[in-house]
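The values are calculated or read from the model by the stated rules, or taken from the named source; none is laboratory data. Please read these numbers as outputs of a predicted model, since none were measured by experiment. Methodologically, a virtual Cβ is constructed for each residue, glycine included, from the backbone with ideal geometry; neighbour enumeration extends over all protein chains shown. The protein model used for the area step is the full one, side chains on, heavy atoms only, and it has no ligands, DNA or RNA in it. Shrake-Rupley method; radii C 1.70, N 1.55, O 1.52, S 1.80 Å.
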Amino acid sequence: MNADITGHHAGPHVVVAGGGIAGLAAAHRLALAGHRVTLLEADTRLGGKLLAGEIAGAPVDLGAESLLARRPEAVALARAVGLGERLQAPATTTASVWSRGELVPMPKGHVMGVPGDPAAVEGLLSADGVRRIGGDLELPPTEIGEDIAIGAYVAARMGHEVVDRLVEPLLGGVYAGDAHLISMKAAVPALFEAARVHPTLTAAVHAVQRAGAATPADAAGAATGLGGAAFLGIQGGIGTLPGAVAEAIRAAGGEIHTGTRVDALVRTGATGWQIVTPHRTFDADAVVLATPAGITAGLLGGHAPDAAAELGAVDYASMALITLAFRRSDMPALAGSGFLVPPVDGHTIKASTFSAQKWQWVADAAPDLFVLRTSVGRHGEEEQIHREDADLVAASLKDLAAATGLAARPVASTVTRWTGGLPQYPVGHLARVARVRAAVAGLPGLRLAGAAYDGVGIPACIASAHRAADEIIATSKRTDPGAGHSL
């Protein structure tokens, strides 16, 4: 934690709306830069989709459960707020795909499910599907323009089976979306750029793999001190990160108000802002809106109508997590960290994570229990998450039994719903974000952050928060900040 926080009350006053990880990261960055920070969160708790909980006395994550370690932002923030010693690599990373009634090991050597070698997917795809991948080499180059749906592009080059059985379940775990709608440029940017310059998709995959080999896993992992792990967890749960960041914000002089909804923004003078809440109005020199796109659109309507219209059109998917605890003695032998489920097979769950095998801290905290979780809900499947808890538990148990032979009854279960939790990135998403930022750039002292812009993962959300905070910090150094106060 930064020990030199003297003089933090002298800086400009910035109000951050939204207490998810993006809002917290922005507030933390601003507070350490000497700004007076007030963070407002409508919910009674902080953290957004990061939520630590427990089941049958065992600590678990009830929201996001890992962070991408090959991007630096999330690991650096965890370390900055005192969680560095609790970062933990998965105990196992071997996963499977539940396809056509069988658990098949996840193939090696793919880029978001797109294989570089047809032989890698033998056993998962049909013989015709494997042969179709090789047909990519015989096709003329595809003109992909400024953006293209990854599902449509991969299906045209390598066939629908690759999309249905690999790309779709992998993307479904990130966006809960439809691969035939999701922007390749936004979701898999390295592959998109490679596909623009290479004649075949196979060549593009190889180029991405070579680029990764140039900065190998052990080099990437050296930055974290945790080997070559692509993903990391935190002992006690990723859901403990928001509380640690909040504590650091307060230690740096920042204020945090939960249960405080932002109802309106009002311009005051040339550069100032008033932030209106149900019970109090805050005056600020600058504002960061780290709220979901629809809420941000409502707040911007009177100030940047074009940006508001663009953000109002951002679609969201909902999902539910069903966390189950079993007696370890009742469990069949299960391999790896879990499995993904292709939607084409018509099952209810879209994935299962064997938390007690993936995370050593889960196993250590409850050695007699086996904790796992399933996820339900894709874009356009809102009806799934509105089913009764008991129905979702029963559907999960049915699918788990079919996939793994699990016949035990859980000793405890809990269902966590994330309604409208995952913004969708359709073709043209990044162009939309650019238009939004261009429109907002004309509003002095106002910036945007969160999952709706540059990526839905934790590091991407933190990066968007740092971008917003750094732009405010840079502007404040060039201007007289004014007095900023709360009424």
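Rounded to the nearest Hz, the phi-derived 3J(HN,Hα) couplings of region 37-48 under the Karplus curve 6.51 cos²θ - 1.76 cosθ + 1.60 (θ = phi - 60°) are 10, 10, 9, 10, 10, 5, 6, 7, 9, 9, x, x, where x marks glycine and proline. Taking 7 Å steps out from each Cα toward its Cβ at A251 and E383 produces label points 5.1 nm apart.
Under the rule of at least 5 residues apart or a separate chain, name every residue whose amide H is placed under 5 Å from the amide H of I234. Amide H to amide H, under 5 Å and 5 or more residues apart or across chains, I234 pairs with Q88. Short-range pairs are left out: with C-alpha atoms under 8 Å and at least six residues apart, the relative contact order of region 25-81 is 19 percent.
Backbone amide hydrogens, once placed in the peptide plane, bring T277 within less than 5 Å of D263, F282, excluding anything fewer than 5 places away on its chain.
In order along region 436-449, the phi-based Karplus estimate (6.51 cos²θ - 1.76 cosθ + 1.60, θ = phi - 60°) of 3J(HN,Hα) comes to 4, 5, 5, 5, 6, 4, x, 9, x, x, 10, 9, 10, 8 Hz; Gly and Pro are listed as x.
Each label point was placed 7 Å from the Cα along the Cα-to-Cβ direction; for R100 and A119 their separation is 2.1 nm. The residue list V111, V266, G101 was ranked by how far each Cα lies along the charge dipole of the chain toward its positive end, using unit charges on Cβ atoms, and V266 comes out on top.
Please check which bits of region 176-215 a label hung off L137 would reach, taking the label as a point 7 Å along Cα-to-C-beta and the cut-off as backbone N under 12 Å. Flagged as within label range: 202-203. Remark: spin-label model distance K108-R210 equals 2.1 nm, labels positioned 7 Å along the Cα→Cβ axis. A cut-off of 5 Å between modelled amide H atoms, ignoring neighbours fewer than 5 places along the same chain, links A95 with M106, S337. Helix 241-251 and the longest principal axis of the C-alpha atoms of the chain enclose an angle of approximately 20°.
DSSP bridge analysis restricted to the chain gives an antiparallel fraction near 70%, rounded to the nearest 5.
State in Å² the accessible area per residue of region 318-360; use a 1.4 Å probe, count heavy atoms of protein chains only, and round to the nearest integer.
32
For the chain, the longest principal axis of the Cα atoms and the long axis of helix 201-214 meet at an angle of about 60 degrees.
Determine the per residue accessible area of region 1-116 with all protein chains present and a 1.4 angstrom probe, expressed in square angstrom.
Counting only protein heavy atoms, the per-residue value for region 1-116 is 39 Å².
Here the peptides 297-310, 156-169 are ranked by packing, the mean other Cβ count within 10 Å, and the order with the highest first is 156-169, 297-310.
Just want the answer: with Cβ charges of +1 for Lys and Arg and -1 for Asp and Glu, which residue in W418, G442, A468 is farthest toward the dipole's positive end in region 353-487? The Cα lying farthest towards the positive end belongs to G442. Each residue of region 314-325 was assigned a 3J(HN,Hα) from its phi angle through the Karplus curve 6.51 cos²θ - 1.76 cosθ + 1.60 (θ = phi - 60°); the sequence is 5, 8, 10, 10, 10, 8, 10, 10, 10, 9, 10, 10 Hz, with glycine and proline shown as x. Apolar share of the accessible surface for the chain: 55 percent from carbon plus sulfur atoms, 1.4 Å probe. A 1.4 Å probe run over the protein chains yields, for region 382-471, 39 Å² of accessible area per residue, whole-number rounding. Under the convention that each Lys and Arg Cβ holds +1 and each Asp and Glu Cβ holds -1, the size of the dipole of the chain around its Cα centre is about 640 debye.
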